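Asker: Okay, here's the structure, questions in a sec.
What follows is calculated from the coordinates using simple rules that are stated; it is not laboratory data. Here the structure is a predicted model, which means the values were calculated and not measured. Heads up, the Cβs are rebuilt from the backbone with ideal geometry, glycines too, and the neighbour counts pull from every protein chain shown.
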Amino acid sequence: MTSLPETTQRKLGLVIDLDTCVGCHACVIACKGWNTENYGAPLSDQDPYGAAPSGTFLNRVHSYEITPPHGQAQLVHFPKSCLHCEDAPCVTVCPTGASYKRSEDGIVLVNESDCIGCGLCAWACPYGAREMDPTAKVMKKCTLCVDRIYNENLPEEDRTPACVRTCPAGARHFGDLGDPDSDVSQLVAARGGFDLMPDLGTKPVNKYLPPRPKDQWEETDILAPFLEPVAESPQGFLGWLDRALERL
Amino acid sequence: MRHQDIILDLSPKLSDQTAKTTCYMCACRCGINVHLKDGRVAYIEGNRDHPVNKGVLCAKGAAGIMQVTAPSRLRAPLRRVGPRGSGQFEEISWDEALATATAWMAPLRATAPEKLAFFTGRDQSQSLTGWWAQQFGTPNYAAHGGFCSVNMAAAGIYTMGGAFWEFGQPDWERTKLLLLFGVAEDHDSNPIKMGLGKLKERGARVIGINPIRTGYSAVADDWIAITPGTDGLLILSLIHCLLTAGKIDLDYLARYTNAPVLLNEDPSSPDHGLFLRDANGKLLVMDRTTGKPMAFDAAGVKPDLAHGLRRAGITHRPVFQLLAERYLDPSYAPEAVAERCGLSAKRIHALAAELARVAFDEAIEIDQPWTDFRGERHEKMTGRPVAMHAMRGISAHSNGFQIARALHLLQILLGTVETPGGFRFKPPYPKPPEAHPKPHATATPGQPLKGPHLGYPMGPEHLALHPDGSPQRIDKAFSWENPLSAHGLMHMVIANAHAGDPYKIDTLFLYMANMAWNSSMSTGRVIEMLTDKDPETGEYVIPRIIYSDAYSSEMVAYADLILPDTTYLERHDCISLLDRPISEADAAADAIRWPVIEADRDVRGFQSVLIDLGARLGLPGFVTDDGAPAFTDYADYITRHERRPGIGPLMGFRGAGDQTGRGAPNPDQLQRYIDNGGFFTHHIPQAAQYYKPWNTAYQDWAVDLGLYDSPQPYLFNLYLEPLRRFQRAAEGHGDRQPPDHLRDRIRTTMDPLPIWYPPLGDDAQTAQDFPLHALTQRPMAMYHSWGSQNAWLRQIHGHNPLYVPTNIWVAHGFADGDWARLTSPHGSITVPVAHMAALNPNTVWTWNAIGKRKGAWALDPAAPEATKGFLLNHLIHELLPPKGDGHRWSNSDPITGQAAWFDLRVRIEKVSPPPEVQPNFPTLAPPHGGTR
C-alpha cells in the first residue's frame, strides 16, 4: 500500500466551468494528442478503423440531460478527468507505490515502470478517471500535463495543460487551488465552485463551476413598459413617426 | 522507490521543427502549429498569433494528426476497369491520367463547352476553380453553396451587403444580448465558441432559438424551442411588437437604409413598386428640412420617413410607410403566430421586450469621431448592443431566403448592423449587391465565358436564359425557377444531367463533393443515375465522370477517372481576399497552406492539377503567348497570378515585400507568409471600424487596399427592388417573361418586403400524414464524412441514433435499444432511436454524415458507421412530389435554389430491430484493388 503526503506545497488543479462548456471535445483530443506523444507509454487505440474502435483517453466529455420538475429540459456537458484528490484512494490502494501524489504540487501520477497493471487503482477511483492501456498494460491517467506546466522548452504562456490551452470557449482554468488568492480560487469563490461527490471524502482538488440558472423569463410582466404601443391606429402611428422624427 | 526519488523529464522537447500553416479539418481555417519530429507530425495545436483562433483549437483540428495517416488516403491516379460502382480500378500514371482528361475535355471545349459540368464541393479555391471554368467556357460551374447556406449569403448580401460567418460577426467584445438562430455547430467553429466564452465571462445574455437544445443552445441562458421552418414568422412578429411600441432606430433607418426612399405606389404605373430616381439614376428621398425630393446621398440631406411625394399624378411614399403598414397588421401579432411557431404568445412578447430594452436602454457610445458619406461629422459611435447569428437552421428551407431577409430586417430596424455591440462586417465586406458580378452563362465553342459564372442579378435581364427562355445552365441556376441562385444548385446537377433537362452533358468533373452519398438528396436514386445506361447505346447516361478527392469516399466508386488529391498538410493553398478570406471585423486577413510534410504517395494537389490541365487545354491565362504553361504549379500561380493589375491572390508582402493589397508579384511572397506564421493581417484604423458602408475612413481604406477601386457607400435594402422587378415580370411587364406555370409562385414568393410562407410542399395533407419534422445537425467534433475515417474522432461519434422527443417516445412505447421506421413522402429508413427531452415536441433529429457506406473510407464493412449510422438523405427528394402538371418542381428555395434539407416531414413507427440500418447498400471494394 502506498502513502499520501501529509500536505502538499501547492494544490494544482483544474476549474471547469459547466456554464460555458459547449461539449466540443477539443480538450479530449488535445489531451489524447499530447499524451500520446509525451509522458510514458502512448495512449493506444484498438481496432481504430474496425468494427469496434476503442482507445485510451485521459479526459472524456459526457453529456447529461436534466429535466427539472418545472420548465424545459437542459443539457449539461461534463468533462471528466482525474481530480487529483487530496485523499486519493487510488494512491493508497496501490500495491507497488507506482501510484503516487507529488508533495510539491499535489499532482497524482503513475510511475509506469513500477505499475504492474493490476487495476486496483481504477477500481478504487470513484470517478472512473483512470484507464488501463491495453497495449502498454499500464494504468494511464491525467498528469495535469506535468511535462508542460514546468516545461522550459515551452513559452511561459503555454505552460498550462493541453486541455486548458486548447479550450475554445475558455471553460477550463488551471492554477493553485491551495492559494486562496489565486485566480482559480477566486473564480471558485465567486461562482460557487463545487466538489464532485464530496460525501466520498476524497477531497478533490479540481472544482466544477455550476451552470447558471436557465430559462429565467420573468413571470411578471416587468418588461411590458418596453412594448407600450405608441398609437392605437395606423394614422396615429404616422403622427407618432412625424413627432419622433422632429425630435431627432 | 519512494516517489520523491522519481525523476521526471519535466521539459521534453515538443518537436524538432514547428511549421505554421492553416487547418482544413473544417471550413473554419484556423491557424495551426504543426510540431514535427523527424519529419513526422507529432502534435498539432492552435497558433496564438492567428486572427481566427488565437491559439485555441477544436477536436477536429487537434485530430488532424490522424488524418494524414488515414488508410483511406488515395495513393495514385486510378482508371475504372469494372462497371461503375464496382470499385474496380487500375492505377495509372499522372501523364496518362492527365492525357485522358485532356482528351475527353478538349473536344468539348472546341464544340460545346457546356457539355463539361465542373462542380466543386468544399472548395476553398473558388477564385481559381471558377476562373478555370470561365476560361474553359462552360457555363456549368459552381461550388457547394447551393446545398449549404446560399439563403443566408444571398439574403445578407442583397439586404445589407454582407452576411454572417465569413462576411461578418457579432461584436463579441461589446454585445450584451446574442440571439442564435438554428446554428450548425461548425459555422464557424472556434470563433463562435470563443465569442460565447467572452459573453459568458461578461455575463451577457445568450438566447438559443433552435428546435434542438445541444451545443451552443445548451449553454444559452434561454432556449426557445421553435418549430422548424417558422423562424420567419417569429421574427416578423418581433418586428410587429417593436414597431407597435416605436422601439426602432429612426435616425439609423433614415440615414443608412432605404426606409426613406420614395416608392411608386400607383398600380397602373409601369413603375409600380419601383423607386423614384433622379436624372442621374440616384435614389430620391424627401428632405425633411426643405420638404423637397433630393438624391439620397446629397450633402446635408435629412431623409424623411413620414412624408411622400405626388409627382405627375403618381403617389410616392417612403419605403418605411409600406413597411409599417405591413408589419403593424394584427396578423403578425404574437397571439396570431404563436401556435404555428410552437411557442407561447407571452414568450414572443417577452423576447421582443428584451430586444427593446437592451437596444435602447443599454445603448453604448464610443468616443470616436467619424465622417459619413454625406460629409457629416459625428462625434460618437452609438451602438445598440444586440447581436444575432444564424446559419443553416433558417437557411435550408424553401422559405429560407425570406426568413434570412426578415432576420436582417430585424437587425436593421434595431440599428444594430455595423454599430458597436451589434453585427460587424469583415473585409472585403461590406459590398452591396450592385458591386458583385452579374451571372455569365453564354457558351461559345473555343472561347472563354465573358465573365464569372456566379453573381447577383438585379432583374430579369440578368437571368441566364437562352433566347427561347430555356436555362443556359445544367443546374437551372439564374432561371425563372430560382432567379437569385447566387451559388448555383449543385444538388440538381446529377438529376438534371440524367434527365437531360435542360440538356445532356458529356463529362461531369467533381472535386471534393461526396455526391454519391451524404451530399446528395435521395442518395440511392443518385447512385442509380450515376450507373444508368442508355438502353439504345449501352453507354452511361452521364458518359464520363472525373473526380478528385484525397480519400476513398463513396463517390470514388462512381467515377471513371480519379485524380488523387493530397491531404491539407501536404499542399499549397491560399485563403484569399478574392475568394473566402479569414478577415476579422477589425482587420483584413488572408492565409496560406504549404506542404509541411511531403506526400508519401503518387498524389498531387488538385489546384496544381487543374493548372496543368488548363495548360494542356491551352486555356487563355494558363498558357503564355507561345503556348507554354503559364504556371508551374499552384504555388507559382498564387505568387504570380494577377486578377487586376497589382491585385493577386494574396494581399501581403507584395512588390518588394513592403506593399499591402496592391503591388507587383513578389517571388518571395510565400516564404514571407511562412515566416509570418502562414497568414497576413492588415488592420482597419480606429475611425473606420464601425459604420463601414457609410464611413468615409473605411471606404478610403478599402480602396487603398484594393478591395474596390472607388468608394461605394450604399443604403441597406429593407425593400429589395430587384425582387419587385421579378414580380413585375410575373405580372406581365417587360420583354423577358416567365413561363406561365411559374408566374404565381414568383408573384407570391418574391415579395420585396420580407414575408413568411409555409415551406413548399407543406400542405395540410402532408402535415397530417407526416406530422414530425426531421433535422440533422453537425457535431462539433466532426466535419461531414471526413471525421469518420479519423481514428480519434470516430471514437467520439461512431454512430448516430435518431433522437426522439419525450411525447413521441412515450406515445410509441419506445425503450432504450429500440429501432424505428421513419417514413417521408419519398421513402423509409429503419434506424436506432434514443430519447431526448430537450427537443421541440414535433421534431426528431440526428447527427449529419456519420453514416457511411460499407467499405468506404477504408473502414471495416462492419464499422458502426455502416451498420448503425445512417443518413436522412434517403428520405429527401431533390424534387417535390409531382403536381400532375408535367413539371419537375425542385425541392429548393424558389428564389435562390437553396436545397430545402430541413423541410423534411416524417412519421415514425416502432419496429423490431433489424441486423443493421435500412436501406443498406452493397459493400464497396477498396479503391486500390488490394486488401483493405
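Asker: Using the per-residue mean of other Cβ atoms lying within 10 Å as a proxy for protection, in what order, highest first, do the peptides B:655-665, B:389-399 fall?
Answerer: B:389-399, B:655-665
Asker: Label points 7 Å out from Cα along the Cβ direction at residue A:190 and residue B:834: separation in nm?
Answerer: 3.5 nm
Asker: How shielded is B:238-248 by partner chains, expressed as the average number of their Cβ atoms within 10 Å of its Cβ atoms? Don't skip to the answer; put the middle values down first.
Answerer: Working: counts 0, 0, 0, 3, 2, 3, 7, 7, 9, 4, 2.
Whole-number average of other-chain Cβ neighbours for B:238-248 is 3.
Asker: If you don't mind, there's one more thing I want to ask. Would you list B:360, B:622, B:870 from fewest to most Cβ contacts within 10 Å?
Answerer: With the fewest neighbours first, B:360, B:622, B:870 line up as B:360, B:622, B:870.
Asker: Of all trypsin sites (Lys or Arg not before Pro) in the range B:807-887, which ones are in loop regions per DSSP and have a Cβ with at most 11 other Cβ atoms within 10 Å? Please list the in-between numbers first.
Answerer: Working: sites: B:821, B:852, B:853, B:854, B:868, B:883; in loops: B:852, B:853, B:854, B:868, B:883.
Counting only loop positions with at most 11 other Cβ atoms within 10 Å, the trypsin sites (Lys or Arg not before Pro) in the range B:807-887 are B:883.
Asker: Continuing with the same structure: May I ask you to compute the full-extension gain from residue B:644 to residue B:501, defined as 0.36 nm times their residue separation minus their alpha-carbon distance, rounded to one decimal in nm?
Answerer: 47.8 nm
Asker: Find the relative contact order for the range B:692-828 and round it to a whole percent, using C-alpha pairs within less than 8 Å whose residues are 6+ positions apart.
Answerer: RCO, the range B:692-828: 13 percent.
Asker: From the helices alone, meaning DSSP H stretches of at least four residues, give me the mean residue ellipticity at 222 nm for chain B, per-run term -39500 (n - 2.57), in deg cm²/dmol to the nearest 500.
Answerer: So the calculated ellipticity at 222 nm is -7000 deg cm²/dmol.
Asker: Can you give the FRET efficiency for residue B:909 and residue B:659, using 1/(1 + (r/R0)^6), R0 = 45 Å, r = Cβ-Cβ distance, to the nearest 0.05? All intermediate terms of the calculation are to be shown ahead of the outcome.
Answerer: Values: r = 66 Å, r/R0 = 1.47.
Once the sixth-power term is evaluated, E becomes 0.10.
Asker: Go ahead and collect, in residue order, the members of the range B:281-308 whose backbone nitrogen is under 17 Å from a label point 7 Å along the Cα-Cβ direction of residue B:710.
Answerer: Hits in the range B:281-308 for residue B:710 at 17 Å: B:281-283, B:296-299.
Asker: In addition: Rounded, prolate or oblate: which fits the range B:337-395 when a ≥ b ≥ c are the square roots of the eigenvalues of the alpha-carbon gyration tensor, with rounded for a/c under 1.5 and prolate only if a/b beats b/c?
Answerer: Judged from the Cα gyration tensor, the range B:337-395 comes out prolate (a/c at least 1.5, a/b above b/c).
Asker: Averaging sequence separations of C-alpha pairs under 8 Å and six or more residues apart, then dividing by the length of the range A:12-246, give the relative contact order as a whole percent.
Answerer: On the way: 397 pairs, mean separation 59.6, N = 235.
Here the relative contact order equals 25 percent.
Asker: Within 10 Å of each Cβ of B:798-808, how many other protein chain Cβ atoms are there on average? All intermediate terms of the calculation are to be shown ahead of the outcome.
Answerer: On the way: counts 4, 0, 0, 0, 0, 0, 0, 1, 2, 0, 0.
For this peptide, the per-residue mean of nearby foreign Cβ atoms is 1.
Asker: Then there is this: Could you list the GluC sites (Glu not before Pro) in the range B:561-666 that lie in coil according to DSSP, counting only those with at most 16 other Cβ atoms within 10 Å of their Cβ?
Answerer: B:598, B:642
Asker: Related question: Rounded if a/c is under 1.5, else prolate if a/b is larger than b/c, else oblate: which is chain B, with a ≥ b ≥ c the root eigenvalues of its Cα gyration tensor?
Answerer: Taking the square roots of the gyration eigenvalues as a ≥ b ≥ c, chain B is rounded.
Asker: Can you give the charge dipole size of the range A:12-246 about its Cα centre, rounded to the nearest 20 debye, using +1 on the beta carbon of Lys and Arg and -1 on the beta carbon of Asp and Glu?
Answerer: The dipole magnitude comes to about 940 debye.
Asker: What does the charge add up to near residue B:426, with Lys and Arg as +1, Asp and Glu as -1, over the other residues with Cβ less than 10 Å from its Cβ?
Answerer: Charge balance near residue B:426 sits at -1.
Asker: Based on the mean of other Cβ atoms within 10 Å per residue, sort peptides B:625-632, B:306-313, B:687-694 so the most packed one is first.
Answerer: So the order, starting with the most tightly packed, is B:687-694, B:306-313, B:625-632.
Asker: Exposure proxy check: B:165, A:240, B:845 ranked by fewest other beta carbons within 10 Å? List each step's numbers first, then the result.
Answerer: Numbers: B:165 22, A:240 15, B:845 26.
Listed from fewest to most nearby Cβ atoms, that is A:240, B:165, B:845.
Asker: Residues of the range A:1-39 with the amide nitrogen closer than 20 Å to a label point 7 Å from the Cα of residue A:181, along Cα-to-Cβ, please.
Answerer: Taking a point 7 Å out along Cα→Cβ of residue A:181, the residues of the range A:1-39 whose backbone N falls under 20 Å are A:8-13.
Asker: Shifting gears a bit: Counting only helical runs of four or more DSSP H residues, what would the 222 nm mean residue ellipticity of chain A come to if each run contributes -39,500 (n - 2.57) and the total is spread over all its residues? Walk me through the intermediate numbers first.
Answerer: On the way: 7 runs with 53 residues, N = 248.
It lands at -5500 deg cm²/dmol.
Asker: When a footprinting reagent is the concern and you count Cβ atoms within 10 Å, what order do B:485, B:890, B:710 take, fewest first? Spell out each step's value before the answer.
Answerer: On the way: B:485 31, B:890 26, B:710 7.
Result, fewest neighbours first: B:710, B:890, B:485.
Asker: Moving on to the next point. What helices does chain B hold that run 18 Å or longer along their axis, going by alpha-carbon atoms, with a Kyte-Doolittle average of 1.0 or more, using DSSP H for the helix calls?
Answerer: What comes out of the filter, once short or polar helices are dropped, is B:231-244, B:400-413.
Asker: Output the relative contact order of chain B, whole-number percent, from Cα pairs under 8 angstrom with separation of 6+ residues.
Answerer: Reported relative contact order: 17 percent.
Asker: Another question, if that's okay. Count, for each residue of B:61-74, the Cβ atoms from other chains sitting within 10 Å of its Cβ, then give me the mean as a whole number.
Answerer: Values: counts 6, 12, 7, 2, 5, 6, 0, 0, 0, 2, 2, 1, 0, 0.
Shielding by partners across B:61-74 averages 3.
Asker: Right, here's the next one. Just check the range B:30-189 against the gyration tensor rule for me: Cα atoms, a ≥ b ≥ c as the square roots of the eigenvalues, rounded for a/c under 1.5, and otherwise prolate or oblate depending on whether a/b exceeds b/c.
Answerer: Working: a/c = 2.55, a/b = 1.33, b/c = 1.93.
The shape class here is oblate.
Asker: I'd like the FRET efficiency for residue B:11 and residue B:362, computed as 1/(1 + (r/R0)^6) with the beta carbon distance as r and R0 of 51 Å, rounded to 0.05.
Answerer: The formula returns an efficiency of 0.55 here.
Asker: Pairs B:37/B:426; B:37/B:200; A:140/A:203; B:426/B:852: which are spaced more than 27 Å apart, C-alpha to C-alpha?
Answerer: In this structure, B:37/B:426; B:37/B:200; B:426/B:852 lie more than 27 Å apart at Cα.
Asker: Same structure, new question: Based on the Cβ-Cβ distance of residue B:112 and residue B:345, what FRET efficiency does E = 1/(1 + (r/R0)^6) give at R0 = 51 Å, to the nearest 0.05?
Answerer: After rounding, the FRET efficiency stands at 0.30.
Asker: Gaussian network model of chain A, Cα springs within a sub-10 Å range: biggest mean-square fluctuation belongs to which of A:168, A:89, A:53?
Answerer: Answer for the Gaussian network model of chain A: A:53.
Asker: How do the peptides B:250-258, A:155-163, B:153-161 rank, highest first, by the average count of neighbouring beta carbon atoms within 10 Å per residue?
Answerer: Packing proxy ranking, top to bottom: B:153-161, B:250-258, A:155-163.
Asker: What is the distance, in nm, between label points placed 7 Å from the Cα along the Cα-to-Cβ direction at residue B:600 and at residue B:888?
Answerer: 4.6 nm
Asker: Filter chain A for me: DSSP H helices, axial length by Cα at least 30 angstrom, mean Kyte-Doolittle hydropathy not below -1.0. List them by residue number.
Answerer: none
Asker: Still on this structure, I have one more. Would you calculate the separation in nanometres between label points at residue B:741 and residue A:92, each defined as 7 Å from the Cα along the Cα-to-beta-carbon direction?
Answerer: Distance between label points: 8.0 nm.
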